[in-house]
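Participant: What follows is a structure written as structure tokens; I'll ask about it next.
The values are calculated or read from the model by the stated rules, or taken from the named source; none is laboratory data. Remember, it's a predicted structure, so these values are computed and weren't measured experimentally. Because the Cβ atoms are built from the backbone with ideal geometry, glycine has one as well, and the counts that use them run over all protein chains shown.
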Amino acid sequence: MRKYVIIGAQGSGKGTQSLLLARDLDLVHISVGDIFRWHVKSHTKLGAQVRRTMSAGDLVGDDLVEGVVRERLDQHDWNYGFIIDGFPRSRRQTEFFLESYDIDGVIHLDLPDEEVRRRVLARRLCSKCGMDYNLIADRPTQEGRCDVCGGELVAREDDTEDAIAERLRNYRAKTDPILELFGRKEYVVTVDARPDIETVQRTIREELGLPMPR
Ligand code: AMP
């Protein structure tokens with residue numbers, strides 16, 4: 001069983017790289033941001049609690065996040081392991097995680113702030129099926145329309161200049177120290193997230209001693 005954490009600023013490719021690893025190695029991909037977005041979209045009580053915080057680019061409170069992660073991992077549907085994306089994001093979350101789960105590695109995707117801004121502002125999502133697009137590298141065939149279902153492409157509510165600046169500040173202030181905590185246990189591999197998707201994926205696998213993509 002393999003248990004990984006993936007850490008990186010917004011737009012560093014956490015989601016994409018996690019999915020590639022998950023698909024090939026039969027890992028369950030757990031994205032805390034996706035879980036929250038589902039709650040917001042489904043108008044649950046939890047959704048109402050986190051909606052404002054999320055759209056301002058702030059971090060949701062540790063208690064709430066830890067509850068969501070525990071509940072998700074308690075489902076035990078991860079026979080071959082998991083890769084968790086978007087958690088932990090603070091010192092406290094890291095301590096909670098290290099106490100509760102033993103992990104095999106932390107993948108740190110490293111991306112300079114300028115590139116984060118450029119990538120995040122180009123990000124689009126289909127409002128109907130949720131398919132991801134990127135106006136730099138992965139443009140839809142017809143502008144503003146999803147290639148798969150024809151739905152309208154929209155920016156994520158928290159992908160605005162102000163929210164990105166706030167998220168980056170949060171990221172640098174809170175997430176960087178996490179790497180130090182994990183680093184003490186020699187879990188962390190830092191990978192340059194600037195190259196194309198396949199190169200980044202190969203580097204991750206090289207660093208973790210995993211089989212190369214098929
Ligand atoms: P993401 O899709 O990972 O960028 O997450 C979107 C938003 O969900 C973040 O900007 C936070 O508001 C919230 N969120 C996701 N994961 C966490 C976490 N581990 N701690 C606190 N807030 C989180």
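Participant: Which of the residues spanning region 132-176 are touching a strand residue (DSSP E or B) at 6+ places or on another chain (Cβ under 8 Å), closer than 25 Å to residue 54 by Cα and at pLDDT 90 or above?
Facilitator: Of everything in region 132-176, those that are touching a strand residue (DSSP E or B) at 6+ places or on another chain (Cβ under 8 Å), closer than 25 Å to residue 54 by Cα and at pLDDT 90 or above turn out to be 133, 135, 144, 146, 151, 152, 153, 154, 155.
Participant: Give region 118-131 a look and list any residue that's touching a residue at least 40 places away in the same chain (Cβ under 8 Å) and more than 14 Å from residue 194 (Cβ to Cβ), or say none.
Facilitator: 120, 121, 123
Participant: Then there's this: May I ask you to verify whether residue 34 is under 30 Å from residue 194 (Cβ atoms), near the ligand (Cβ under 8 Å from one of its atoms) and surrounded by fewer than 17 Cβ atoms within 10 Å (Cβ to Cβ)?
Facilitator: yes
Participant: Which pairs do you get when a residue that is farther than 20 Å from residue 182 by Cβ and among the small types (Gly, Ala, Ser), found in region 72-87, comes within reach of a residue that is outside any loop (DSSP other than H, G, I, E, B) and modelled with pLDDT under 95, reach meaning Cβ atoms under 9 angstrom, with the pair 6+ apart or on two chains?
Facilitator: none
Participant: Now, a different point. Could you pull out the residue among 143, 157, 166 that is exposed (fewer than 12 other Cβ atoms within 10 Å of the Cβ) and among the acidic types (Asp, Glu)?
Facilitator: One residue alone meets the criteria, 143.
Table: residues versus (1) among the small types (Gly, Ala, Ser); (2) surrounded by fewer than 20 Cβ atoms within 10 Å (Cβ to Cβ); (3) closer than 17 Å to residue 12 by Cβ; (4) out of contact with any helix residue (DSSP H, G or I) (no Cβ under 8 Å at 6 or more places or on another chain).
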{"site": "85", "(1), (2), (3), (4)": "no, no, yes, no"}
{"site": "88", "(1), (2), (3), (4)": "no, no, yes, no"}
{"site": "95", "(1), (2), (3), (4)": "no, yes, no, no"}
{"site": "99", "(1), (2), (3), (4)": "no, yes, no, yes"}
{"site": "116", "(1), (2), (3), (4)": "no, no, yes, no"}
{"site": "123", "(1), (2), (3), (4)": "no, yes, yes, yes"}
{"site": "139", "(1), (2), (3), (4)": "no, yes, no, yes"}
{"site": "149", "(1), (2), (3), (4)": "no, yes, no, yes"}
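Participant: Given the options 47, 15, 61, name the one that is within 21 Å of residue 162 (Cα to Cα) and within 12 Å of the ligand (Cβ to nearest atom).
Facilitator: The unique qualifying residue is 61.
Participant: Restrict the check to region 76-83 and report whether at least one residue is assigned to a loop (DSSP other than H, G, I, E, B), within 14 Å of the ligand (Cβ to nearest atom) and either within 16 Å of residue 35 (Cα to Cα) or out of contact with any Asp or Glu (no Cβ under 6 Å at 6 or more places or on another chain) (or both).
Facilitator: no
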